[in-house]
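Only one structure is covered here, and it is reproduced in the block below.
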Amino acid sequence: MTEQSCELPLSNVSEREIDEILSSAKTIAVVGLSEKADRESHLVARYLQANGYRIIPVNPGMAEVLGERSYPDLASIPPEIAIDVVDIFRKPEFIPAVVDAAIPRGARAVWMQLGLVHNAAAQRARAAGLGVVMDRCMKIEHARWAAHRRGGRP
């Protein structure tokens, strides 16, 4: 079971802003992506990949996952690969370093998965112009967004 943060988001993006992130993103760096198929990070990344996003695994312990080369950290991803969203599957204490790496990398948004909140790191990201989503699942939000686009329910 994942250890959850005790921190609650002081502010979060609206559904409209989430929809904008999902509709404009093409490439998602998944920090903490596991090669184990039963892990949430793997399930979410596989879903996103199946729905047209390019997934860039970020995990120093893997060479490749889901058919994509894995990188040890965001700074190691070649600059010609534009990262739209950094999807974070790391414990809260690691979030500030991930956010600090996402800012110079040129990411447009950071996304902290369910149970993950770090208000100080979120504030730094917002101050640098990044969108910030906290304590939300990208897979769930994408399913909602996609169903809305089709005129139905998730």
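Laboratory data are not the source of any read-out in this text; all were calculated from the coordinates shown. Quantities reported herein were computed from a predicted structural model and do not represent experimental measurements. Methodologically, a virtual Cβ is constructed for each residue, glycine included, from the backbone with ideal geometry; neighbour enumeration extends over all protein chains shown.
Some observations on this one:
- Computed label-point distance, nm, for sites ARG16 and ALA63 using a 7 Å Cα→Cβ extension: 4.9 nm
- Its residue count N fixes a reference of 2.2 N^0.38 Å for the chain, and the Cα radius of gyration divided by that reference is 0.96.
- Charge-dipole axis of segment 15-149 as Lys and Arg at +1 and Asp and Glu at -1 on Cβ define it, positive-most pick from LEU22, PRO60, ALA122: LEU22
- Charging the Cβ of each Asp and Glu at -1 and of each Lys and Arg at +1, and nothing else, the dipole of the chain about its Cα centre rounds to 420 debye.
- Here segment 111-141 and segment 7-65 have alpha carbon centers that stand 12 Å from each other.
- Between GLU80, GLU141, GLU68, the residue with the greatest mean-square fluctuation in the GNM of the chain (Cα pairs under 10 Å linked by springs) is GLU80.
- Helix-only CD estimate at 222 nm, as mean residue ellipticity for the chain, using -39500 (n - 2.57) per DSSP H run (n ≥ 4): -10500 deg cm²/dmol
- Dipole-positive endmost among ILE88, LEU48, VAL98 within segment 1-122 (Cβ charges, Cα centre): LEU48
- FRET efficiency estimate (nearest 0.05) - Cβ-Cβ, SER24 to ARG149, R0 22 angstrom: 0.95
- Charge dipole magnitude, Cβ of K and R +1, D and E -1 - segment 76-134, Cα centre, debye nearest 20: 140 debye
- Ranking of LEU130, LEU22, LEU43 by neighbouring Cβ atoms within 10 Å, starting from the fewest: LEU43, LEU130, LEU22.
- Sequence of ASP87, ASP135 once ranked by neighbouring C-beta atoms within 10 Å, starting from the fewest: ASP135, ASP87
- DSSP-defined antiparallel bridges as percent of all bridges, segment 25-154, nearest 5: 10 percent
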